[in-house]
Every structure is written in C-alpha cells, then in structure tokens.
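The values are calculated or read from the model by the stated rules, or taken from the named source; none is laboratory data. This is a predicted model, so every value here is computed, not measured. Backbone-built Cβ (ideal geometry, glycine too); neighbour counts: all protein chains shown.
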Amino acid sequence: MLNVSELAAREFRSLLEEMAEPRPRLRVFIERRCDCGNVHFSLRLEDSVRETDQEFAVEGLPFVADAETIPELPGVEIDYERDWMHQGFMVRNLNHACGGHQ
C-alpha cells in the first residue's frame with residue numbers, strides 16, 4: 001500500500017507510545033496536485049475517522065486515508081531524516097519529483 005522506512009516506523013512508535021489512549025492514527029493525504037497532475041502528500045495525526053475513510057496498518061502502525069488518496073498510495077514512501085540542520089518525517093511520491101515540496 002505505502003512504504004514506511006524502518007527508522008520512520010521506530011520514530012512513529014516512539015511518538016505514539018507517549019500519547020494517551022485512544023491513540024491517534026496517521027492520516028496520509030493529498031496536499032496538492034502539480035500542474036502536471038502528479039500529487040504531493042502530507043501526514044498528520046488524526047483522532048477521528050470518517051465513514052468514507054479506509055483504515056490500514058503498515059509496519060504495525062495505524063494509518064487512515066480517504067478514497068481519493070488510497071489509489072495513489074503505492075507510490076508513497078514515508079521516511080525519517082535527521083541531519084545537522086533539521087529532523088522530521090518526509091513523505092515522498094516516488095513516482096514524481098518536480099523539484100518542489102515532496
């Protein structure tokens with residue numbers, strides 16, 4: 001469905017374990033579409049699930065996405081990057097790299 005790196009999965013688990021029950025899900029969603037039609041994705045914590053959402057697990061992590069996003073997920077990679085300037089989760093569309101926010 002989508003790929004979550006080992007480091008990202010470990011960081012998500014650590015983050016979720018610090019939260020009270022019931023723990024939120026990780027919503028992956030289409031942030032915007034480029035002029036070429038390809039999509040850029042984003043991620044947020046989600047407490048509620050809509051009737052039209054699909055829930056699924058990747059690496060044992062609880063995810064949710066809407067009907068528009070689900071067909072796009074096979075090309076999504078979530079990673080965690082840490083370097084001297086920043087650290088955080090990165091959501092990439094492996095099928096598209098236009099030089100903008102990925």
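Assorted remarks:
- Qualifying residue in segment 30-37 (condition: modelled with pLDDT of 90 or more and of a type in the set (Lys, Arg)): no
- Scan segment 1-23 for residues that are surrounded by fewer than 13 Cβ atoms within 10 Å (Cβ to Cβ) and of a type in the set (Ser, Thr, Tyr) and the total you get is 1.
- Tally of residues being out of contact with any Pro (no Cβ under 7 Å at 6 or more places or on another chain), surrounded by fewer than 17 Cβ atoms within 10 Å (Cβ to Cβ), of a type in the set (A, V, I, L, M) and closer than 16 Å to Arg13 by Cα across segment 24-60: 1
- Inclusion of Leu73 among residues that are at pLDDT below 90, surrounded by 10 or more Cβ atoms within 10 Å (Cβ to Cβ) and on the phi < 0 side of the Ramachandran plot is not warranted.
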